[in-house]
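Trainee: My questions will all concern the structure given below.
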Amino acid sequence: MIFGIGIDQVEVARVEKRLAQESGLKESLFTPGEIAYCQTKRYGAQNFAARFAAKEAFLKALGTGWREGIAFREIEIINDQLGKPSCRLHGQASKMAEQNHIIAVQVSLTHIHELAAAIVTLET
């Protein structure tokens with residue numbers, strides 16, 4: 001059963017600029033695995049932006065926003081061997097999912113030069 005659906009879209013240039021200008025921001029938003037993955041890509045900024053959008057979309061699907069103290073790094077977007085994205089939860093994000101009986105998180109990412117977007121569906 002669907003618990004919630006979230007969608008978010010961000011401007012790639014805005015994310016790229018903030019990551020370049022603000023020391024430590026990348027490490028506060030993304031896990032080491034996400035950083036390593038994005039930095040191997042030709043258009044890394046698009047991949048960072050898509051992951052940022054997915055984290056926002058997750059919170060919208062959960063219906064809490066930032067009220068419950070979930071940190072961006074607690075929502076990790078990973079890819080399988082074929083490139084399919086999925087979501088690994090940590091800390092407070094994992095606890096909130098468990099409390100709401102979330103058993104699956106579906107993630108879809110897309111990006112072009114200017115924009116990145118994500119849709120997240122939470123299942124119970």
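Trainee: What are the pairs, 6+ residues apart or on separate chains, where a residue within the stretch 45-62 that is free of Cβ contacts under 8 Å to residues at least 24 places away in the same chain has its Cβ under 6 Å from a residue that is surrounded by fewer than 24 Cβ atoms within 10 Å (Cβ to Cβ)?
Mentor: none
Trainee: Quick one: is residue 88 surrounded by 14 or more Cβ atoms within 10 Å (Cβ to Cβ), out of contact with any Gly (no Cβ under 8 Å at 6 or more places or on another chain) and charged (D, E, K, R)?
Mentor: Answer is yes for this residue.
Trainee: Test each condition in (1) aliphatic (A, V, I, L, M); (2) surrounded by fewer than 16 Cβ atoms within 10 Å (Cβ to Cβ); (3) in contact with a helix residue (DSSP H, G or I) (Cβ under 8 Å, 6 or more places away or on another chain) for residue 29 and report the one that comes out false.
Mentor: (2)
Trainee: Take the residues of the stretch 98-110 that are touching a residue at least 24 places away in the same chain (Cβ under 8 Å), over 15 Å from the mean Cα position of the chain (by Cα) and at negative phi: which is surrounded by the most Cβ atoms within 10 Å (Cβ to Cβ)? Break it down stepwise before answering.
Mentor: Residues of the stretch 98-110 that are touching a residue at least 24 places away in the same chain (Cβ under 8 Å), as a first pass: 100-102, 105, 107, 109-110.
Checking which are over 15 Å from the mean Cα position of the chain (by Cα) leaves us with 100-102.
Those still in the list that are at negative phi too: 100, 102.
Numbers: 100: 15, 102: 20.
This residue is 102.
Trainee: Considering only residues that are in contact with a Leu (Cβ under 6 Å, 6 or more places away or on another chain) and within 17 Å of residue 109 (Cα to Cα), look in the stretch 55-81 and name the one that is surrounded by the most Cβ atoms within 10 Å (Cβ to Cβ).
Mentor: 61
Trainee: With the checklist (1) under 20 Å from residue 112 (Cα atoms); (2) assigned to a helix (DSSP H, G or I); (3) hydrophobic (A, V, I, L, M, F, W, C) in hand, flag the one item residue 36 doesn't pass.
Mentor: (1)
Trainee: Could you pull out the residue among 17, 26 that is basic (Lys, Arg) and touching a residue at least 12 places away in the same chain (Cβ under 8 Å)? Don't jump to the end; show me each part of the working.
Mentor: Working: 17 fails: touching a residue at least 12 places away in the same chain (Cβ under 8 Å).
Among 17, 26, only 26 is basic (Lys, Arg) and touching a residue at least 12 places away in the same chain (Cβ under 8 Å).
Trainee: Test each condition in (1) assigned to a helix (DSSP H, G or I); (2) at pLDDT 95 or above for residue 105 and report the one that comes out false.
Mentor: Just one mismatch for residue 105, condition (1).
Trainee: Continuing with this model, one more query. Run residue 84 past the list (1) more than 19 Å from residue 10 (Cα to Cα); (2) in contact with a Leu (Cβ under 9 Å, 6 or more places away or on another chain) and report the number of the one that doesn't hold.
Mentor: Unmet for residue 84, out of (1) more than 19 Å from residue 10 (Cα to Cα); (2) in contact with a Leu (Cβ under 9 Å, 6 or more places away or on another chain): (2).
The values are calculated or read from the model by the stated rules, or taken from the named source; none is laboratory data. Note that the coordinates shown come from a computational prediction; the quantities given were computed from them, not determined experimentally. Heads up, the Cβs are rebuilt from the backbone with ideal geometry, glycines too, and the neighbour counts pull from every protein chain shown.
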